[in-house]
Amino acid sequence: MTGYTVVTGAASGMGRAIAEALAKDGERLVLIDIDPLVHELSLPAGGDAIITRVADISDAESIRSILDRVNSEHGPTLKLVNNAAMMRNKPLAELSLDDWKKLLDVNLTGAFILSQAVGRHMRAAGDGAIVHIGSVAAAFGRNGGGAYSAAKAGIVGLSNTICVEWGAYGIRSNVVHPGLMRTPLSEAFYRDTHVNAQRRAQISLGRPGVGEDVAQVVRFLLSDGGRYMSGAEITVDGGFSRMALKNYPVPKI
Ligand SMILES: NC(=O)c1ccc[n+]([C@@H]2O[C@H](COP(=O)([O-])OP(=O)(O)OC[C@H]3O[C@@H](n4cnc5c(N)ncnc54)[C@H](O)[C@@H]3O)[C@@H](O)[C@H]2O)c1
């Protein structure tokens, strides 16, 4: 069955690159972002092939109502990319409870809200594929990362539960973990030439990733090529997370 693919956080960075790659394939899209810029993306499609909506993914009521309307007025939503997220950097010792809750609300609860709202329609159709954008930070703590790593680790648990509970409906759920990416979310880090050089030195392929690098893997996981994949975690980081032993001190042999 053909249907719509929902992409959250499509106004910027990776979400935008994912929307562009899927639109090039002729996929019909529902693009959701809190930023009205989502209305201004220029994608190669016409008619009701690209639907854009401004909403906060942590607002369950508006997300449910948007998706129910799309399903009744345009057609079923059978694929989902849970991509939208925010960052709020602060050392744990200084992190306020409000900041902790806000980040979990958007980065983890938002993905749950979307999965449940789209999952209802997927289960009715007996078909569906979900890709959650995680992060290498799900497995590794980060200095000053606040609640970010905890939320991304939670995304893995969410995906695995969907895999177990909804597989019987033909629904697949997988996580893609980007590494050091250059997007508006992280652009400030790369403008510092020292940080930029240090980061490049820690990436096996010698450069930070760009949205298109992740978009191609998401595209595959949503496609028939990924039809037997569920509950998987795929790291797309140019080898960054395998570099821990590169400068490991060894005695002369
Ligand atoms: N940039 C990196 O280095 C990096 C690394 C690993 C993982 N990631 C993950 O990749 C994904 C995309 O990040 P990006 O780098 O493209 O960031 P980005 O800031 O460029 O884009 C994120 C988008 O999400 C939207 N958004 C934020 N909060 C929202 C909300 N409450 N409701 C709806 N939309 C909201 C923003 O408006 C923005 O358009 C995120 O899940 C992020 O955690 C990023």
- Message: Run the numbers for Thr2 and Met87: contour at 0.36 nm per residue of separation, minus the present Cα-Cα distance, in nm.
- Response: 27.2 nm
- Message: For Met181, what residues show an amide H to amide H distance below 5 Å, using hydrogens built from the backbone and excluding near sequence neighbours?
- Response: Gly209
- Roughly what would the spin-label model give for Ser65 and Thr161, points 7 Å off Cα along C-beta, in nm? 2.6
- What is the ratio of the Cα radius of gyration of the chain to 2.2 N^0.38 Å, where N is its residue count, to two decimals? 1.02
- Computed helical MRE - 222 nm, the chain, DSSP H runs ≥ 4 contributing -39500 (n - 2.57), nearest 500: -11500 deg cm²/dmol
- Message: If I model a spin label at Ser72 and Tyr190 as a point 7 Å from the Cα along the Cα→Cβ vector, what separation in nanometres do I get?
- Response: 4.4
- Take the alpha carbon gyration tensor of the stretch 200-253, find the square roots of its eigenvalues, order them as a ≥ b ≥ c, and report rounded if a/c is under 1.5; if not, report prolate when a/b exceeds b/c, else oblate. oblate
- Message: Please compute the modelled spin-label separation between Asp25 and Ala232, points set 7 Å along Cα→Cβ, answer in nm with one decimal.
- Response: 1.3
- Task: Name the long-range amide H neighbours of Arg172: under 5 Å, sequence gap of 5 or more, or other chain; modelled H, no Pro or chain starts.
- Result: Gly128, Ala129, Ile130
- Task: Would you grab the residues whose amide H sits under 5 Å from the one on Asn82? Only those 5+ places off in sequence or on another chain, please, with H modelled 1.01 Å from N.
- Result: Val131, His132, Ile133
- Item | Scattering curve values for the stretch 144-253, log₁₀ I(q)/I(0), Debye with Cα scatterers, q = 0.13, 0.20 Å⁻¹ | -0.64, -1.15
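Every read-out reported here was derived from the displayed coordinates using simple, explicitly stated rules and does not represent laboratory data. It should be emphasised that the depicted structure is a prediction, and the values quoted were computed from it without experimental measurement. Because the Cβ atoms are built from the backbone with ideal geometry, glycine has one as well, and the counts that use them run over all protein chains shown.
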